[in-house]
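Remarks on the structure that follows.
The values are calculated or read from the model by the stated rules, or taken from the named source; none is laboratory data. Predicted, not measured: the structure shown is a model, and the values here were computed from it. Because the Cβ atoms are built from the backbone with ideal geometry, glycine has one as well, and the counts that use them run over all protein chains shown.
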Amino acid sequence: MLSLWLNVLASGILLGLVYGLVALGLSIIFGVMRVVNFAHGEMVVFGVYIGYWAVRLWNVPIIVAAAIAAVVMFFFGYLLEAVIVKRFVNRPHHYQFIVFIGLSLLFSGVLLVAFGPDPRPTASQLSFRTVSLGFVTLDLARLQAAITAGVLIALLGVYLRFSSFGRALRAAADNRLGGLVVGLNIPRVYAVTFGIGAACAGVAGALISPLFDAQPYLAVDFTLLAFVTVIVGGLGSFSGALLGGLVIGVAEAIAALMFTPSMKTALPYALLIIILIFRPRGFFGAKEI
Amino acid sequence: MKWWLAGAMVFVVLTLVGSFADPYFISLMTIVLLFTFLGQSWNLMLGIGGQLSIGHALFVGLGAYSVGVLYVKYGISPWIGLFLGMIIAGSVGAALAWLSFRFEVRGIYFALLTIAAAEFARLMFSGWEFVGAMQGLFFPAPTGAIEFSMLRGGARFYYFVALALAALGIIGTGLISRSYLGYVWRAMRDDEPAARALGVRTFRHKILVISVSAAAAAAGGGVLGLVQGSIFPDSIMGMGLSVDVLIGPVVGGLGTTFGPLIGSLAAIPLNHLMSAIGDNLRIPGLNNITYGIVLILVVWFLPDGIWPAIVRLCKAIQAPSRLWLPHLRKAEE
């Protein structure tokens, strides 16, 4: 019994790290630009499809597929910001929301047209292998995804903390006007930020492609999951996104064990409502929205 | 005064359309009019109250399920179901608002909370056997005979019900926005600290506007369920419905009285047309792509929506002097 619980807990933590990476993308974009990316789930699904095609066409390891997804999605996010999103950054929130709902409809429509509604499983050799560590048996695909996500989160944290671009990004997040005054190239910072956010989503998508079948309809679930994660952790907070991801991952895993499968998807929302009652800005939420 | 005349003329035309048009057109227009009403309820919340909801499907679904459960399970008249649904949705809306505004959590957090609540409710209803779970609830097929006390009848009957609702919604919003509440709510929307400094209890008023909007959405949802003849959690409480509700007012004109009607008239037939074309060509995502592009283009080029653009155009035609004046002044200088 104990080992069952440990196993479930471990797999929840592993998936939670990947959720953390997805949420981090959303949170960085919000923290810097004050824009909620409603099309975040679609970007995750783009990543899943990149993973699927990379494995299918070239039979590369998932890590390589994730690197491809990072590059592709970074440029995708950069261009999207530079062409469309930048026009709406200074508009009221509801206009931004509507633009992003439009983008998310557009992307999911494009995915449907391109790949059709049928789920496509990514058959990776990893999917069937496991590692045993005494009490817990870990699914290798999941372990690899979690380690990669964890390393990426750490690297991104170090980069944002110590590099000069990281300082520029944090300055733009703290005070946009001040940044402009001291000569920061704010439009470029915003575009790169959006690119990083999209790349986080894309990499996470590629990493989980052995675990989830590629399917356009996954997008809504991922968008909502990312929202719940960042609200639990606190919108715009780096450590909040990670903690939120872990909490949601574990909560889902435990709910799947204790209740019916439909409860598994509902529990994060219940958790969210409870957290909003007791701690309305999440664990590490910003004071002012 | 003239807008009232125009509105009355539109109403007369729509009444005539309902009496003579063919069944397909009637059913399409029924949906347009219902979404006009739902859009109007959403518009009240954002356009006048200043609170963004992206989970309006929650309230729509609660209304539909109250009507459905009472009628299908117990044979109780939908009128009572509508009334009950409005009370339930109004209370849920008030509770959500209370939860969120108690600690001054607003804006984006409130919007995200509305989606989370809607999704939570959808998942709960999908697993709740009593309300039919994923299999849904089915109303008995209409006999064609009109029973006003049970709100049952054919397609034409529901067209007139939807028309009455839409007219009620437009007149109601018009009256509210000219009343004391309308001024208070708009003051609150434009500058909350200033409104509070003038003595408006903004906390209570925010809860009030949200619960009124939620109750109206539930009434629309109850009728929508009856019109569709079946209720499924995914279609009546899903994200898709929340998006459908807000497209009308956004495309037509946020915070305006006629915006939701114009927007629904433009967007819903377009969506039906594109899905039909998509089905014919076997391209399933075509309507999503058009919808997405239309939304982005409207916010980009017509941020006020179609209706204010029409009003501007009419004024420009009626009063050419006003339009020419700046040019003349420039010429003088």
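Quick notes
- Single unsatisfied condition, A:G77 versus (1) over 19 Å from the mean Cα position of the chain (by Cα); (2) touching a residue at least 60 places away in the same chain (Cβ under 8 Å): (1)
- For region A:226-254, a residue qualifies if it is away from chain B (no Cβ under 12 Å) and among the polar types (S, T, N, Q), and the qualifying residues are A:S237, A:S239.
Matching residues to (1) crowded, with 24+ Cβ neighbours inside 10 Å; (2) at pLDDT below 90:
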residue	(1), (2)
B:T15	no, yes
B:P23	no, yes
B:I54	yes, yes
B:G61	yes, no
B:L84	no, no
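- Which listed residue is more than 17 Å from B:G93 (Cβ to Cβ), away from chain A (no Cβ under 14 Å), in contact with a strand residue (DSSP E or B) (Cβ under 8 Å, 6 or more places away or on another chain) and in contact (Cβ under 8 Å) with a residue 24 or more places away in the chain, from B:V67, B:V72: B:V72
- Qualifying residue in region A:173-184 (condition: buried (at least 17 other Cβ atoms within 10 Å of the Cβ) and within 14 Å of chain B (Cβ to nearest Cβ)): no
- Residues in region B:118-141 that are of a type outside the set (D, E) and either facing chain A (nearest Cβ under 7 Å) or touching a Lys or Arg at 6+ places or on another chain (Cβ under 6 Å) (or both): B:F120, B:L123, B:M124, B:S126, B:G127.
- Among all residues of region A:65-80, there is none that is in a helix (DSSP H, G or I) and either at pLDDT below 85 or in contact with a Lys or Arg (Cβ under 9 Å, 6 or more places away or on another chain) (or both).
- Here A:D139 does not fit the description of being more than 30 Å from A:G178 (Cβ to Cβ), among the charged types (D, E, K, R), within 12 Å of chain B (Cβ to nearest Cβ) and surrounded by fewer than 24 Cβ atoms within 10 Å (Cβ to Cβ).
- Odd one out for A:T223, checked against (1) more than 14 Å from chain B (Cβ to nearest Cβ); (2) under 24 Å from A:L267 (Cα atoms): (1)
- Residue in region A:123-134 that is under 30 Å from A:N7 (Cα atoms), in contact (Cβ under 8 Å) with a residue 60 or more places away in the chain and in a helix (DSSP H, G or I) present: yes
- Residue within region A:170-183 that is in contact (Cβ under 8 Å) with a residue 24 or more places away in the chain, out of contact with any strand residue (DSSP E or B) (no Cβ under 9 Å at 6 or more places or on another chain) and among the hydrophobic types (A, V, I, L, M, F, W, C) present: yes
- Qualifying residue in region B:82-105 (condition: without any contact (Cβ under 8 Å) to a residue 24 or more places away in the chain, of a type in the set (A, V, I, L, M, F, W, C) and away from chain A (no Cβ under 13 Å)): yes
So that you can scan it fast, the table gives a plain yes or no per residue for (1) assigned to a loop (DSSP other than H, G, I, E, B); (2) modelled with pLDDT of 85 or more:
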| residue | (1), (2) |
| --- | --- |
| B:G220 | no, yes |
| B:L224 | no, yes |
| B:V227 | no, yes |
| B:G240 | no, no |
| B:V243 | no, yes |
| B:L246 | no, yes |
| B:L254 | yes, no |
| B:P260 | no, yes |
| B:S264 | no, yes |
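- Every test in (1) assigned to a helix (DSSP H, G or I); (2) within 10 Å of chain A (Cβ to nearest Cβ) is passed by B:Y158 save one, and that test is (2).
- For region B:163-177, the condition holds for no residue, the condition being that it is on the phi > 0 side of the Ramachandran plot, out of contact with any Asp or Glu (no Cβ under 8 Å at 6 or more places or on another chain) and surrounded by 16 or more Cβ atoms within 10 Å (Cβ to Cβ).
- Pick from region B:142-155, criterion assigned to a helix (DSSP H, G or I) and among the aliphatic types (A, V, I, L, M), ranking: nearest to the other protein chains (Cβ to nearest Cβ): B:A155
- Enumeration of residues in region A:81-107 that are modelled with pLDDT of 85 or more and not in a helix (DSSP H, G or I): A:I84
- The set of residues from region B:1-59 being closer than 28 Å to B:V209 by Cα and charged (D, E, K, R) is empty.
- Helices (runs of 4 or more DSSP H) wholly inside region A:194-286 containing at least 2 residues that are at pLDDT 85 or above and not polar (S, T, N, Q): A:218-233, A:238-258
- Condition check for B:W4: more than 18 Å from the chain's Cα centre (by Cα) and assigned to a helix (DSSP H, G or I): yes
- For region A:20-38, the count of residues that are at pLDDT below 90, more than 14 Å from chain B (Cβ to nearest Cβ) and farther than 13 Å from A:I196 by Cα is nonzero.
- The residue list A:L103, A:L112 contains one member that is at the interface with another protein chain (Cβ under 8 Å from one of its Cβ atoms) and under 20 Å from the mean Cα position of the chain (by Cα), which is A:L103.
- B:I207 being buried (at least 16 other Cβ atoms within 10 Å of the Cβ), more than 10 Å from chain A (Cβ to nearest Cβ), under 16 Å from B:I48 (Cβ atoms) and at pLDDT 85 or above: yes
- Selection from region B:46-68 of residues that are more than 21 Å from B:A162 (Cα to Cα) and outside any loop (DSSP other than H, G, I, E, B): B:L46, B:G47, B:I48
- For region B:36-47, the criterion of being within 19 Å of B:G221 (Cβ to Cβ), buried (at least 16 other Cβ atoms within 10 Å of the Cβ), within 20 Å of the chain's Cα centre (by Cα) and small (G, A, S) is satisfied by at least one residue.
- For the criterion of being away from chain A (no Cβ under 14 Å), over 16 Å from the mean Cα position of the chain (by Cα) and either crowded, with 24+ Cβ neighbours inside 10 Å or among the polar types (S, T, N, Q) (or both), B:S77 passes.
- Where B:P260 falls short, out of the listed (1) more than 7 Å from every other protein chain (Cβ to nearest Cβ); (2) under 22 Å from A:Q96 (Cα atoms); (3) more than 19 Å from the chain's Cα centre (by Cα): (3)
- Taking (1) under 22 Å from A:A70 (Cα atoms); (2) more than 21 Å from the chain's Cα centre (by Cα) in turn, A:H94 satisfies each apart from (1).
- Leading residue by the ranking (farthest from B:M124 (Cα to Cα)) among those in region B:222-248 that are facing chain A (nearest Cβ under 10 Å) and in contact with a Gly (Cβ under 9 Å, 6 or more places away or on another chain): B:I247
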